[in-house]
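Worksheet: the structure to be examined is printed underneath.
The values are calculated or read from the model by the stated rules, or taken from the named source; none is laboratory data. All figures in this text were calculated on a predicted structure; none of them were measured in a lab. Heads up: the accessible areas ignore ligands, DNA and RNA and are worked out on the full protein's heavy atoms, side chains in. Shrake-Rupley method; radii C 1.70, N 1.55, O 1.52, S 1.80 Å.
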Amino acid sequence: MPRVGYTSDWISAAVELRSSYSFGDDRYTAASPGKNLAENDGPLQLQQAYVTIGDPKKFPLTAKVGRQELSFGDQRLVGAAMWLNIPHTFDAIKVRYQDSFFGVDLFAADLVYVRGDHFEESNSQDRLSGA
């Protein structure tokens, strides 16, 4: 999972690629919709690409926009699930408020699906939002 990033005072950005490709593996699983299977992943895919705006040391509000991993709690409901062959990512916007007493994340996200040898796209019918 090679990663390149940039950080300044109020803006940071990151791009992370991933490969879960398996050579000569053409398994078919009847119960699966054919998504998020390692054998259908291309040789190199976009895992994350986002921009973060804000400096939590100077102002309590930050925003993160783009393809990103969302992980809350023990990741049973929302998480990257790094134990999978292809971890979950979301095309999302996340706004975070954090001060010395209170913190909250507000987000709206679409789950990204893997399709064999195609650029990974999110599905607006799998939209998730919360706080």
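A few comments on the model shown:
- Residue order by solvent-accessible surface for 97, 113, 6, 50 is 6, 97, 113, 50, largest first, with ligands and nucleic acids left out and a 1.4 Å probe.
- Computed accessible area, residue 94, all protein chains, 1.4 angstrom probe, square angstrom: 40 Å²
- In Å², nearest 10: area of residue 9 left accessible to a 1.4 Å probe: 110 Å²
- Length gained when the stretch residue 61-residue 97 is fully extended (0.36 nm per residue, less Cα-Cα span): 12.5 nm
- Solvent-accessible surface (1.4 angstrom probe) belonging to residue 10, in square angstrom, nearest 10: 110 Å²
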